[in-house]
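For reference, the structure is listed below as structure tokens.
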Amino acid sequence: MNAIEKGLETQLKNIQTKTGKSLEELSSLVQQSGLSKHGEIREMLKQKLGLGHGDANTLTHFALKSDGASAAQASNATIDDVVAAIYVGAKEHLRPIHDAVMTAIHPMGEFEIAPKKGYVSLRRKKQFAMITPATNTRVEVGLNMKGVEGTERLLAQPPGGMCNYKVKLTSAAEVDAELIGWIAQAFQNAG
């Protein structure tokens, strides 16, 4: 079992402890809700069980047996294929921003690239960053780190979300030393 699988197993055990319900009971709750959309199920789990965004998101993937990495394995697609599918149509021109962020991160060390539907999660022992084409005009880099003061550029996010901070990028030139420094801090904190 690799570190990511161990992390997922630990997170699912923690969710069971927090809720007092087994994974079978939690999956049954999702099935009985009648909801089918990922976001609706995630919000229902947050409201009914008091879970944070990340735990509700993981539990939704578990109950639906869905995530980008599983989708890639099931279809024999590569990670590049799944990422390419995120940057199609009106968002295709944003791919160079994504690539510039990834080029800056690779020298930092080993990490997992976990493509999801609509975004890419970057993980060590836990998620340190996510990259998503949030609109047709910008990419957002979400970062998980503590003890950093938010700025006009490093936007602090409300507690309970998938990331503590968000940085909006409209060009590859914005992948600069400041952003790379924040990513490096998040990377180190996740290791």
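Here, each number is a calculation from the coordinates, and none is a lab measurement. Just so we're clear, the structure is a prediction, and the values are computed from it rather than from any experiment. With ideal geometry, Cβ positions are generated from the backbone for all residues, glycine too; neighbour counts draw on all protein chains shown.
Say R0 is 25 Å: what FRET efficiency, to the nearest 0.05, do Asp81 and His106 get from their beta-carbon distance? Please list the in-between numbers first.
Numbers: r = 19 Å, r/R0 = 0.76.
FRET efficiency, Asp81 to His106: 0.85.
So what is the calculated 222 nm ellipticity per residue for the chain, using -39500 (n - 2.57) for each DSSP H run with n of 4 or more, over all residues, to the nearest 500 deg cm²/dmol?
Numbers: 8 runs with 92 residues, N = 191.
Using -39500 (n - 2.57) per qualifying helix, the result is -15000 deg cm²/dmol.
Want the number for Glu24 to Leu155: 0.36 nm per residue separation, take away the alpha-carbon distance, what's left? Show your work: numbers first, answer last.
Working: separation 131, 0.36 × 131 = 47.16 nm, distance 3.78 nm.
This chain segment gains 43.4 nm when fully extended.
What is the gain in length, in nm to one decimal, between Glu40 and Thr17 on full extension, counting 0.36 nm per residue of separation less the C-alpha to C-alpha distance?
Numbers: separation 23, 0.36 × 23 = 8.28 nm, distance 2.30 nm.
Additional length available on full extension: 6.0 nm.
So for the chain, taking the charge dipole from beta-carbon charges (+1 Lys/Arg, -1 Asp/Glu), which of His93, Gln31, Met162 sits furthest toward the positive end?
In the chain, that residue is Gln31.
Here is the link list: Lys46/Lys91; Lys21/Lys117; Lys13/Lys125. Which ones come out longer than 25 Å on Cα distance? Before the final figure, lay out each step's value.
Working: Lys46/Lys91 30 Å; Lys21/Lys117 27 Å; Lys13/Lys125 16 Å.
Table pairs above 25 Å Cα-Cα are Lys46/Lys91; Lys21/Lys117.
Within the chain, which is the longest segment containing none of the GluC sites (Glu not before Pro) that sit in a DSSP loop and have at most 10 other Cβ atoms within 10 Å?
Formally, the longest exposed-site-free interval is 1-109.
Taking the Cα centre of the chain as origin and charging only Cβ (+1 Lys, Arg; -1 Asp, Glu), how large is the dipole, in debye to the nearest 20? Provide the component values of the computation, followed by the final result.
On the way: 22 positive and 20 negative charges, 108 e Å.
Once rounded to the nearest 20, the dipole reads 520 debye.
How high is the FRET efficiency between Gln32 and His93 when r is their beta carbon distance and R₀ equals 45 Å, given to the nearest 0.05?
On the way: r = 43 Å, r/R0 = 0.95.
Calculated value: 0.55.
Given an 8 Å cut-off on Cα distances and at least 6 residues of separation, report the relative contact order of the chain as a percent.
On the way: 246 pairs, mean separation 35.3, N = 191.
Relative contact order for the chain comes out at 18 percent.
Can you list, largest first and rounded to whole Å, the semi-axes you get for the stretch 3-66 by taking the square root of 5 times each eigenvalue of its Cα gyration tensor? Write down the numbers at each step before the final one.
Details: eigenvalues 61, 31, 24 Å².
Values for the stretch 3-66, descending: 17, 12, 11 Å.
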